[in-house]
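The values are calculated or read from the model by the stated rules, or taken from the named source; none is laboratory data. From a predicted model like this one, the values you see are computed outputs, not experimental measurements. Note: ideal-geometry Cβ built from the backbone for every residue, glycine included; neighbour counts use all protein chains shown. Just the protein is used for accessible areas: all its heavy atoms, side chains included, with ligands, DNA and RNA removed. Shrake-Rupley method; radii C 1.70, N 1.55, O 1.52, S 1.80 Å.
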Amino acid sequence: METKRYTARTFTTEILAVLLVFVFLVPFYFLLSNSVKSFADILLDAAALPQAINWENYAKAWDIMKYPQAFINSLLITVFSIAGLVVISSMAAYRMVRRPTKYNSILFLMFVAAMVIPFQSIMIPLMKVASWFSLVGSLPGLWVCYLGFGSSLTIFLYHGFIKSIPLEVEEPAVVDGCTPYGVFWRIVFPLLKPMTVTIIILNSLWIWNDFLLPQLILSKPELRTIPLSTFSFFGQYTKQWDLALAALVMGVVPIVIFFLSLQRHIIEGITAGSVKG
């Protein structure tokens, strides 16, 4: 009786899981199928399969949005922002864990509290500060902004992971005369690989697909990222859905490939960081 009950429960769970997957895949079906339709076919029936594959949408979108330049801008922003987050946040979290002073505890609580502050509530002060320091209209200015907004979650994740690393692994290096920076980069940082990969993936998904912050900081057309270039297909009176959907596919494919190649590290890193966090 228990076996039958367990089998029925398992079958029901699997059916619900399949239905849930189907629900989440429906938007991808609309995106892919309509990206190769003409504008008239999209208006006629967006849910129908394409009667003919129209690859011209991708060619036109490639030229209009200047995809190579937009791709390079998005790549530079993502790579340099994440590099700064990993380097600075890992060292900050290590210092807070290994030197649990009252000041470091308060500072860590401030970083955690900053995670719940919505970006929309500080947009205007951010633009004022960014203009004071000449951060508007440049890629380095956007890197600094991402470093400020992403450091809270990154430090929080590193903080929990470093707690699980025993202090004994650092003591031989200290005895041998290794400097604090040498201990961190030679001993501790290699042990942070699972969490570092997790942080890289999570922040890449956020920064690559972000629209609002680049829209505020990058005022020059030649600095547009892929999301900003895609928005050019939506005007006040016209919406080029056929070209916009093709542009969305070209913008999503690189980050999806990157995510699928490293996704197994997400659960590994988060699980390891929650052992003693």
What net charge do the residues around Asp63 carry, taking every other residue with its C-beta under 15 Å from that of Asp63, with Lys and Arg at +1 and Asp and Glu at -1? +1
For each pair in Lys37/Lys220; Lys66/Lys220; Lys66/Lys239, compute the distance between the two Cα atoms and list the pairs where it is over 22 Å. Lys37/Lys220
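Quantify, in whole percent, the carbon and sulfur part of the accessible surface of the chain (1.4 Å probe; protein heavy atoms only).
That share works out to 71 percent.
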Which whole-number percentage describes the relative contact order of the chain, with Cα contacts under 8 Å and a sequence gap of 6 or more? 30
If amide H atoms are built 1.01 Å from N in the plane of the peptide, which residues on other chains or at least 5 residues away come under 5 Å of the amide H of Gly137? Leu218, Ser219
Mind checking the per residue accessible area of region 1-103 for me, 1.4 Å probe, whole number of Å²? 70
Could you check which residue among Ala59, Ala93, Ala247 shows the biggest mean-square fluctuation in a GNM of the chain with a 10 Å Cα cutoff? Ala59
Longest principal axis of the chain (C-alpha) makes with the long axis of helix 193-209 (C-alpha) an angle, in degrees to the nearest 10, of 40
What is the distance in Å between the Cα centres of region 114-131 and region 76-106? 20
In whole angstrom, the spacing between the Cα centers of region 1-70 and region 199-232 equals 24
Which residue, Pro140, Pro214, Pro27, tops the fluctuation ranking in a GNM of the chain built on C-alpha contacts under 10 Å? Pro27
Around Arg99: net Lys/Arg minus Asp/Glu count, Cβ-Cβ under 14 Å: +3
Relative to the longest principal axis of the C-alpha atoms of the chain, give the angle of the C-alpha long axis of helix 264-273, reported between 0 and 90° and rounded to the nearest 10°. 30
Between the Cα axis of helix 102-114 and the main Cα principal axis of the chain, the angle (0 to 90°, nearest 10) is 10
